[in-house]
Structures are given as structure tokens and as C-alpha cells.
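Participant: Structure below; questions to follow.
The values are calculated or read from the model by the stated rules, or taken from the named source; none is laboratory data. Predicted, not measured: the structure shown is a model, and the values here were computed from it. Neighbour counts run over all protein chains shown; Cβ positions are idealised from the backbone, glycine included.
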């Protein structure tokens, strides 16, 4: 719990401009860094990214996620469990229906930055080859 508390405190301070990017990572314990790495690993699977993007506009049930992402029920459930375990998603039951939603919408800011960085990298490669 202490590691999680450190992450929350430093992430909150960063949003308020009190902690720089380097300070945020340097202040995390090795346990805190491991938690961050687990989240990166969870996002390192294309099907999980599809699920996250599908949930960007709000809570959805498993059936709609399966259809939208073209996954099997078992595969989707496994990926949703992984994303929930690392804290990127929350789940709730409504009768017999299981609903998932993104627990930290700020994750999409990270995804936008990564996509922008990738675009610049690919454009640079294309210019180099031209």
C-alpha cells in the first residue's frame, strides 16, 4: 500500500506542476517502478490496446467489447482481467452483466503522446529513405 500511496502522491503533485518528470521516476521505490512496468507490459499487447480504445468513450459490457474488437469471449476476458489487475480498468456487475470502464482516463494522454512520437519517428525514417 505504501508503494501505491507514493505513486498517487507523486502523480498528483506532477499534475499540479510540483514534481518534474525525472523527479517522479527517481522518487519511486523499486516496487513502485515495478508497478509502472506491469502497466506498460499490460499495454504491450495489441488486443489490450483495442479494448482500451473501445472503452475510451465509456463503460461497456463484455459482449459489446468482444464484437467490437473481434475477439473470442475467452480471449477478451483474459485481456480484461489483465488490464483490471494492473488497475487500468474497473469492473462491476449489473445483474448477470459484467461492465468495464477505464479507471484512469489520463492513460489516453500517454497513448496520444506515444502515437505522436511514433508518427514523427516514421516520418523521419521516410525522409531518410527518400
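Participant: Go through (1) touching a strand residue (DSSP E or B) at 6+ places or on another chain (Cβ under 9 Å); (2) loosely packed, with under 12 Cβ neighbours inside 10 Å; (3) part of a helix (DSSP H, G or I) for residue 93 and report which single condition fails.
Facilitator: (3)
Participant: Quick one: which of 54, 34 is without any contact (Cβ under 8 Å) to a residue 24 or more places away in the chain, exposed (fewer than 15 other Cβ atoms within 10 Å of the Cβ), touching a helix residue (DSSP H, G or I) at 6+ places or on another chain (Cβ under 9 Å) and part of a helix (DSSP H, G or I)?
Facilitator: Answer to the selection: 34.
Participant: Which ones in region 63-88 are in contact with a helix residue (DSSP H, G or I) (Cβ under 9 Å, 6 or more places away or on another chain), part of a helix (DSSP H, G or I) and more than 26 Å from residue 36 (Cα to Cα)?
Facilitator: Those that are in contact with a helix residue (DSSP H, G or I) (Cβ under 9 Å, 6 or more places away or on another chain), part of a helix (DSSP H, G or I) and more than 26 Å from residue 36 (Cα to Cα): 63, 64, 66, 68, 73.
Participant: Now, a different point. Sort out which residues of region 60-76 are in contact (Cβ under 8 Å) with a residue 12 or more places away in the chain and surrounded by 15 or more Cβ atoms within 10 Å (Cβ to Cβ), and write them in order of number.
Facilitator: 60, 62, 65, 68, 69, 71, 76
Participant: When you look at residue 48, is it in a strand (DSSP E or B) and either surrounded by 15 or more Cβ atoms within 10 Å (Cβ to Cβ) or modelled with pLDDT of 95 or more (or both), yes or no? Break it down stepwise before answering.
Facilitator: On the way: in a strand (DSSP E or B): no; either surrounded by 15 or more Cβ atoms within 10 Å (Cβ to Cβ) or modelled with pLDDT of 95 or more (or both): yes.
Judged against the criteria, residue 48 is not a match.
Participant: Within the group 37, 18, 56, which residue is modelled with pLDDT under 95 and touching a strand residue (DSSP E or B) at 6+ places or on another chain (Cβ under 8 Å)?
Facilitator: Working: 37 fails: touching a strand residue (DSSP E or B) at 6+ places or on another chain (Cβ under 8 Å); 18 fails: touching a strand residue (DSSP E or B) at 6+ places or on another chain (Cβ under 8 Å).
Criteria check complete, one pass: 56.
Participant: From the list 27, 23, which one is over 15 Å from residue 88 (Cα atoms), modelled with pLDDT under 60 and out of contact with any strand residue (DSSP E or B) (no Cβ under 6 Å at 6 or more places or on another chain)? Steps first, answer last, please.
Facilitator: Values: 27 fails: modelled with pLDDT under 60.
It is 23.
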